[in-house]
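Data first, discussion second: the structure below is written as structure tokens.
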Amino acid sequence: MKKLQGMIPVICLMVIVGCDQAGISADSTSRPGADATDSDIAVRRKRLGREEKFRIMVDKVLVIETSDYRMTEGHVRTLAGAGFNVVVPRGGAGDIKDVRRMAALARKHNVFYMPWMGHMLKASFLTKESDKIVWDNGTVQDRCSPNSEKFWSWLTRRIIAYAKISKDNPALIGVFLDFENYGSYDIGRWIYELSYDTTILAEFAESRGIKIPSLKPKRRIAWLEENKLHEAFKKFQVARWRSRCRKLRRQVDAIDPKFQFFIYPNVHYSLFMREAAFREWGTKAAPVVVADYHNYYLPPDAWGKQAVSEARWNIIDAARWVKGHAERCGVEAMVIGGMDPISDKPMDPEYHGRNAAAIADHSSGYWIFYEFKEMKDKSGRRIVPPVNAEFLKWWGRANRAIVAGRARQFWQADRETPEVAGPPILISMEGTGLASVILESPGGDAEIRYTIDGSKPKSDSTKYTGTIRITKTTTIQAVAFRAGKQIGSVSKRTVQVPLRIIEAESATLVRPWVVRTEGKGRRKYILVPKDGKIDLNDPENGALKYRFEAPEAGKYRLAFLLKGPWGSENSLLVKKTDSGPLMDWYAMTHRREGWFWYLYPGSLDLGQGTNTITIRPKFVGATLDKIAILNPLLSK
């Protein structure tokens, strides 16, 4: 196995070279894998995200061969040979010597490099609550508060060190800042939102000349609201963030004005990213780069090249939103779309290769968060999964197509490898206690077989001939066959029937929602028109409240009837009105015409009896016809 591991980079290169049936050659200007001078790298650096698309590998797969997750020269050579132009190892960012080593390796192989910074300084070793983030529900998390001097000292010290290396070695182009909340998704998936730590409360009190009593974390937001100070507190904290971000940008500019900040995920997720980092870190010489993630997943309702075609709307919508926000803020910005193969079950290398080309076709480039479930050999040593070679082959083909200006032809081409996805399962909520299921066939002489008894479908299982009616919670599994041979994998979905269906217009409408009708008035729905004004900083803007009865306490799901084709404009904020923050909004992307039911990804803890939920739009263009309250997932 040791011998095999040492051969992996060579094997990957052998697979990639000459595999592109479209006859696409490598970019003669980038010469991946060849030694480069500083002048060569400096010229290409100016073109990144513009004439030369970003092709970024954030690697956590190849580096598992090493004991400390450090990238070797063999790994850099492999990725350069596969056509990536930026390498980002998931380890080593805290070791400046290793950062210099990686920058030197990148320059040697004519690619670029960035250190990755994530977890936002885990604060479990700190004893003071004043240094930790305090969420609006009172939870004190083991991550540094964005108001902590320790956080800003850590961030500034590292980034200034990177900028100094970048000045001497233009192969280091910036820093990749990961703002995902790996500590606790149930608190908040992205950081940062407002923090109610004692540090910022004390500074706010001093600025206002007031005294804030000693409060337990759960009482702080309530006290601010009761005293009509919360909005002022929010503005004060955001202004403080902006000041610190601005100071850091100026410190970096004094060293290397071309140094770029890459921030993940898309900036509309967190207040800190949207109102501080994005606004202050982008310049004309060094646009801020937003690393969007909505292309992580295979679309759940599409096959073959249709899946790539539908998925591309994620990056189109993301780029449109960022462009609009950048224009409003007067900021220079770029957008790149991300992929994460581990998100797929089963994994599909061809889809991700073609998806890379589609993303690059509609943005400044793409990036890969490359990770797999850890594998070990018999001796217990971590190994690179065999499927790695297939992924690098397809990404290599995509990269050559992108460089040659043939990205669109590449992602639009017919599928070459066998389909790995299962039949799309589309659900409709027909009424109280009744749902229906439609199974989509790959076409031709293919047929679909399905089961609802928990067993996996076979070629002699029930044949799908039309809409399936569901009157109780049912798990449906489906698979396609052609000439007796299975096509793709088995699809599986649990269908819940509606406890109640609520008409969207039944709420007391507030701006910017308006009522519309279609089909000679047979359908009435609400939407936010293009000239509607959405203010995410105003908690009442677009807030619709719906009351309903729950027969028992438990976790409930929601489904929304939305009009397609749609993209991120049909993204909603949802919360239980009397407690908790708004749930993370979700991009409800679907590019088919007509009305479709969309199952919201989160759940709500509801009590027995009367409950009220609040729904708000994220963008103009949102539509909503009906809301289905689904059976409880888990009774208490």
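The values are calculated or read from the model by the stated rules, or taken from the named source; none is laboratory data. Fair warning: this is a prediction, and the values are worked out from it, not measured in the lab. Positions of Cβ are backbone-derived with ideal geometry, glycine not excepted, and every protein chain shown enters the neighbour counts. Surface accessibility is based on the protein's heavy atoms, side chains included, excluding ligands, DNA and RNA. Shrake-Rupley method; radii C 1.70, N 1.55, O 1.52, S 1.80 Å.
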Please report the net charge: other residues with Cβ closer than 14 Å to the Cβ of Arg158, K and R +1, D and E -1.
+2
How large is ³J(HN,Hα), in whole Hz, for each residue of segment 460-469 in order, when computed from phi with the Karplus curve 6.51 cos²θ - 1.76 cosθ + 1.60 and θ = phi - 60°, using x for Gly and Pro?
9, 6, 4, 7, 7, 10, x, 3, 9, 8
Just need log10 I(q)/I(0) for segment 174-246 at q = 0.16, 0.27 Å⁻¹, Debye formula, equal scatterers on the alpha-carbon atoms, no solvent, rounded to two decimals.
-0.68, -1.31
J(HN,Hα) series, segment 141-150, from Karplus relation 6.51 cos²θ - 1.76 cosθ + 1.60, nearest Hz, glycine and proline x:
9, 7, 10, 4, 5, x, 9, 7, 4, 5
Counting only residues 5 or more apart in sequence or on a different chain, those whose built amide H sits under 5 Å from that of Phe112 are Val86, Val87
Could you tell me which residue out of His325, Pro424, Ile336 lies farthest along the dipole of segment 324-424 toward its positive end? Charges go on the beta carbon: Lys and Arg +1, Asp and Glu -1, centred on the Cα centre.
Ile336
Output the antiparallel fraction of DSSP beta bridges having both residues in the chain, as a percent to the nearest 5.
70
Can you give me the solvent accessible area of Trp513 with a 1.4 Å probe, rounded to the nearest 10 Å²?
10
So, with +1 on the Cβ of K and R and -1 on the Cβ of D and E, and no other charges, what is the size of the charge dipole of segment 143-247 about its Cα centre, to the nearest 20 debye?
300
What order, most packed first, do the peptides 88-94, 166-172 have when packing is the mean number of other Cβ atoms within 10 Å of each residue?
166-172, 88-94
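Ranked from the most accessible area to the least, with a 1.4 Å probe and all protein chains present, what is the order of Thr465, Thr417? All intermediate terms of the calculation are to be shown ahead of the outcome.
Numbers: Thr465 125, Thr417 45 Å².
The residues order as Thr465, Thr417, largest area first.
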With the charge dipole of the chain built from beta-carbon charges (+1 for Lys and Arg, -1 for Asp and Glu) about the Cα centre, the Cα from Ile221, Val495, Trp411 projecting farthest to the positive end belongs to Ile221
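Per DSSP H run of at least 4 residues, take -39500 (n - 2.57); add these up for the chain, divide by its residues and hand me the 222 nm value, nearest 500 deg cm²/dmol. Mind dumping the intermediate values first?
Details: 13 runs with 177 residues, N = 636.
Calculated at 222 nm, the ellipticity per residue is -9000 deg cm²/dmol.
Roughly how many percent of the accessible protein surface of the chain is carbon and sulfur, given a 1.4 Å probe and a whole-percent answer?
51
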Along the charge dipole of the chain, which of Pro287, Ile629, Tyr464 sits closest to the positive end, that is, farthest toward it, with unit charges on the beta carbon of Lys, Arg, Asp and Glu (+1, +1, -1, -1)?
Pro287
The long-range amide H neighbours of Gly365, using H built 1.01 Å from N in the peptide plane and a cut-off of under 5 Å, are Phe54, Gly337
Roll a 1.4 Å probe over the protein heavy atoms and report the accessible area of Arg100 in Å², nearest 10.
130
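For Lys545 and Leu215, compute 0.36 nm times the residue count separating them, minus their Cα-Cα distance, and round to one decimal in nm.
Values: separation 330, 0.36 × 330 = 118.80 nm, distance 3.04 nm.
115.8 nm is the gain from fully extending Lys545 to Leu215.
When the dipole is taken about the Cα centre of segment 263-397, and only Lys, Arg (+1) and Asp, Glu (-1) are charged at their Cβ, what size is it in debye, to the nearest 20?
Numbers: 17 positive and 17 negative charges, 58 e Å.
Its charge dipole is roughly 280 debye.
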Please calculate the 1.4 Å probe accessible area of Val331, with all protein chains present, and give it to the nearest 10 Å².
20
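Sort His75, His119 by accessible area with a 1.4 Å probe, largest first. Walk me through the numbers before you get to the answer.
Working: His75 5, His119 70 Å².
In descending accessible area the options line up as His119, His75.
With every protein chain left in place, what is the accessible area per residue of segment 435-578 in square angstrom, probe 1.4 Å? Write down the numbers at each step before the final one.
Working: 7480 Å² over 144 residues.
The answer is 52 Å² per residue.
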State to the nearest 20 debye the size of the charge dipole of the chain about its Cα centre, where the only charges are +1 on K and R beta carbons and -1 on D and E beta carbons.
620
May I have the extent of the alpha carbons of segment 518-569 along their three principal axes, as whole Å values ordered from largest to smallest?
40, 35, 21
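Taking a 1.4 Å probe, which of Lys234, Lys258 shows the most accessible area, and what order do the others take after it? Walk me through the numbers before you get to the answer.
Working: Lys234 30, Lys258 85 Å².
Result, largest first: Lys258, Lys234.
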Given [x] 0.97; [y] 1.07; [z] 1.03 as possible values of Rg/Rh (Cα atoms, Kirkwood Rh), the one from the coordinates is [x]
Estimated translational D of segment 303-366 in µm²/s (Stokes, Kirkwood radius over Cα pairs; 37 °C; 0.692 mPa s)
261
Tell me, what is the percent relative contact order of the chain, built from C-alpha pairs under 8 Å that lie six or more residues apart?
11
Net charge, Ile336 excluded, C-beta distance under 10 Å - Lys, Arg +1, Asp, Glu -1:
+1
